[in-house]
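The values are calculated or read from the model by the stated rules, or taken from the named source; none is laboratory data. Since the model is a prediction, treat every value here as computed from it, not as a measurement. Note: ideal-geometry Cβ built from the backbone for every residue, glycine included; neighbour counts use all protein chains shown. Surface areas here come from the heavy atoms of the whole protein model, side chains and all, with no ligands, DNA or RNA. Shrake-Rupley method; radii C 1.70, N 1.55, O 1.52, S 1.80 Å.
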Amino acid sequence: MPSVYMEDLDAFTYRERIAQDNAVVLIPVGSIEQHGPHMPLNTDVLLSRAMAGATAAGIDGLVAAPVVYGYKSQQRSGGGNHLPGTTSLDASTVISIAKTLVLEFARHGARKIAFINGHFENYQFLYEGVDLALRELRQMGIEDLKVVLLSYWDFVDDATIAELYPNGFTGWDLEHGGVLETSLMLHLFPERVHMDKVVDAPPAVLPNYDVLPVNPDLTPESGCLSSAAEATVDKGRILLERASAGMAAALNHEFPHSMHVVRQAEHDASLAG
Ligand SMILES: [Zn+2]
């Protein structure tokens, strides 16, 4: 089985996957952002790429090289952009990167693209970049390109939330450096997580509005907005399996004529025969 990661392929194999298979190109988007004392700055890059990899395997897709930097961390979802280590892009840059990548993959012949977002704050700017790219492509007469935009945690269903958060769920915004990301990291990259450094504090209490410049006192000293103490390898495995299965189903739904559907049909037919 060749790698699902585009940057592992030679250009000829890659071109074939696009031209013959019309493979879905999944673009992981992360951030360089503090994730408390127990996880690395590139947590969102690692997780969006791994989520894209698990999803691509289920739909015969291709994972593009990740977008490493993201939009500014906001206090109510990522602790805030004032924290050293967190290294962010202006919105116009994120928009420009998203737009440029759509145009580049369109130039390669790709017509099925999905952004797999792993950093809360990126979303609207990726959306804008995609919209601008599609407008430009339409003016060039290219109308058959479709883009799906998603954040992977939106594919963790309510039953899974109830199962993994028996003591109550604080919401995805406060999950920064908490059970979700830490469990996934424990499952996928255990050597990069230091559970002994987890600060087990109650969820951050933040107002339901923003103030600029931020009041740094509102961000817990750990930089995490909820505790990761309940994170486990097992929860990480469940989160990866269910979220990637949900994303694969959504992409199958949006890109119904993918080669993998044909291949699956051929496979089923050969089994039946
Ligand atoms: Zn994160």
Given R₀ = 30 Å, what would the calculated FRET efficiency be for Ala57 paired with Val233, taking r from the Cβ atoms and rounding to 0.05?
0.90
Residues whose modelled amide H sits under 5 Å from the amide H of Leu26, counting only those 5 or more places away in sequence or on another chain, are Leu62, Val63, Ala64, Ala114
How large, in percent, is the carbon and sulfur part of the accessible surface of the chain at a probe radius of 1.4 Å?
55 percent
What full-extension length gain, to one decimal in nm, is calculated for Gln139 and Asn22 as 0.36 nm per residue of separation minus the Cα-Cα distance?
39.9 nm
For Asn215, placing the label point 7 angstrom along Cα-to-beta-carbon and taking segment 73-93, residues whose amide nitrogen sits under 19 Å are 74-83
List every DSSP H helix in the chain whose Cα atoms extend 15 Å or more along the helix's own long axis and whose mean Kyte-Doolittle hydropathy is at least 0.5.
43-59, 91-108
Can you tell me which of Tyr165, Tyr152, Tyr209 moves the most in a GNM of the chain? Springs connect C-alpha atoms under 10 Å apart.
Tyr209
Inter-site label distance for Asp154 and Thr13 at 7 Å from Cα along Cβ, in nm
3.3 nm
Pair Ala249, Thr93: separation of 7 Å Cα→Cβ label points (nm)
3.8 nm
Return the calculated 222 nm mean residue ellipticity for the chain, to the nearest 500 deg cm²/dmol, obtained by summing -39500 (n - 2.57) across DSSP H runs with n ≥ 4 and dividing by the residue count.
-13500 deg cm²/dmol
State in Å² the accessible area per residue of segment 48-207; use a 1.4 Å probe, count heavy atoms of protein chains only, and round to the nearest integer.
44 Å²
Keeping all protein chains in place, calculate the accessible area per residue for segment 1-41 (probe 1.4 angstrom), answer in Å².
45 Å²
